[in-house]
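Nothing in this text is a laboratory measurement; each read-out follows from the coordinates by a stated rule. This is a predicted model, so every value here is computed, not measured. Counting neighbours? That spans all protein chains shown, and the Cβs are built from the backbone with ideal geometry, glycine included.
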Amino acid sequence: MWGLVLGMAVVFVTKGANMLAMKKVESKQGSSLLQSLIFTMLFSAAQLVFTLLMPPYKPLAITLDAILYPTAYAALYIVAYVLCMKAYSEGSVSMTNAIWSFNTVVVIAYGVCFWGETLSFWQILGLLLFFAGLFFYSRSSYATNEVKKKVTAKWLILTIAATITIGAATTFTKLFMLKHGDMGKEFLVYYAIAATLISGVICLCMGAKETVKTVADKHVLLQTLIAGFTCVLWNFVYVTYLAVYPSAVFLPLYSVVSMLGILAFGVAILKEKISRNAIIASVLSLASILFLNLQ
């Protein structure tokens with residue numbers, strides 16, 4: 001019991017800290033295409049280092065699938081993070097991440113369309129609550145440092161596009177793990193390598209001088225290391241605890257705690273104040289995530 005509580009505490013803190021680190025980089029460097037790609041390159045490199053330091057410690061298998069699937073994931077992952085960083089500059093960070101949490105909806109939709117999977121009553125209810133939540137988010141406002149701002153269509157489009165893109169990327173994770181269930185670390189390592197190389201080459205082609213200058217910035221490096229470490233840490237908790245606790249218990253709990261961490265850090269540290277419609281949307285989102293993870 002206490003092990004589960006500790007694990008959820010780690011998830012709560014790491015999800016919030018990751019969002020905070022990303023926002024600090026975006027606030028300092030901006031959300032241009034080049035700066036977003038530089039962040040993605042450094043973020044991926046940090047994930048690679050920390051993933052290699054995490055167990056299990058074993059030789060990594062090299063197969064065609066182990067290269068193709070992670071590379072496909074990495075390509076979509078890069079696009080998703082570029083869109084996410086742009087969404088950060090256009091609207092509420094906590095609401096952006098709350099909607100981002102619904103990337104599993106894409107995986108569910110793909111499963112229904114292409115894998116012959118069926119939706120349970122609870123998942124259908126979860127999808128309905130998800131769309132209801134989007135409706136209320138679109139009519140929300142928020143305040144940062146006492147400056148009230150309305151949610152814009154541009155922010156909503158960017159956030160939904162980022163969510164769909166990372167969801168599409170996640171389908172490659174599921175396809176790979178269905179075929180190679182014992183190669184989870186290989187997937188994490190190889191996608192991090194691919195994302196680092198792809199974004200790095202693009203960055204150097206777009207602006208080598210600005211890339212080198214940003215990489216040498218100690219603030220950017222620190223926040224990127226924090227983002228990478230927190231991401232690897234919650235992935236480790238996810239993989240470890242999923243093997244110990246029943247999915248019907250762990251998955252809903254993990255998803256709800258993740259969103260609570262994001263919302264709590266947004267309010268407590270970023271000082272974001274969200275409107276009544278945004279609060280309603282967040283409550284609907286929490287219920288939606290809970291139901292979507294029930295079979």
- Task: Report the residues of the range 257-281 in range of a label on K150: point 7 Å along Cα→C-beta, backbone N strictly under 18 Å from it.
- Result: 274-279
- Item | Sum of -39500 (n - 2.57) over DSSP H runs of 4+, divided by residues of the chain (222 nm, nearest 500) | -28000 deg cm²/dmol
- Query: Using modelled amide H (1.01 Å from N, peptide plane; none on Pro or chain starts), what sits under 5 Å from the amide H of K149, excluding residues fewer than 5 places away?
  - Reply: Y142, A143, T144
- Message: Taking the beta-carbon count within 10 Å as an exposure proxy, list C113, C231 from fewest neighbours to most.
- Response: C113, C231
- Note on the structure: For the chain, the dipole about the Cα centre with charges only on Cβ (Lys and Arg +1, Asp and Glu -1), to the nearest 20 debye, works out at 760 debye
- Note on the structure: For Rg and Dmax of the Cα atoms in Å, with candidates (1) 19.0, 57; (2) 18.5, 54; (3) 21.8, 62, the value calculated from the shown model is option (2)
- Query: Taking square-rooted eigenvalues a ≥ b ≥ c of the alpha carbon gyration tensor, is the range 217-295 rounded, prolate or oblate, where a/c under 1.5 means rounded and, failing that, a/b exceeding b/c means prolate?
  - Reply: oblate
- What does the charge add up to near E146, with Lys and Arg as +1, Asp and Glu as -1, over the other residues with Cβ less than 10 Å from its Cβ? +3
- Task: Give the long-range amide H neighbours of E272: residues separated by 5 or more places, or on another chain, with amide H under 5 Å away, using H modelled in the peptide plane at 1.01 Å from N.
- Result: V267
- Using the 10 angstrom Cβ neighbour count as an exposure proxy, how do I124, I262 rank, fewest first? I124, I262
- Message: What does the extension gain come out to for T63 and D217, with contour length at 0.36 nm per residue minus their alpha carbon separation?
- Response: 51.8 nm
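Please rank D182, D65, fewest neighbouring Cβ atoms within 10 Å first, as an exposure proxy.
Ascending number of Cβ neighbours within 10 Å: D182, D65.
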- Message: Springs between alpha-carbon pairs under 10 angstrom, Gaussian network model over the chain: which of A143, A75, A192 fluctuates most?
- Response: A143
- What spacing in nm lies between the two simple spin-label points modelled at E117 and V201, each 7 Å away from Cα in the Cβ direction? 3.2 nm
- Message: Through the Karplus equation 6.51 cos²θ - 1.76 cosθ + 1.60, θ set to phi - 60°, convert the phi angles of the range 197-214 into ³J(HN,Hα) values in whole Hz; use x for Gly and Pro.
- Response: 5, 4, 5, x, 5, 5, 4, 5, 6, 6, x, 5, 5, 5, 4, 5, 4, 5
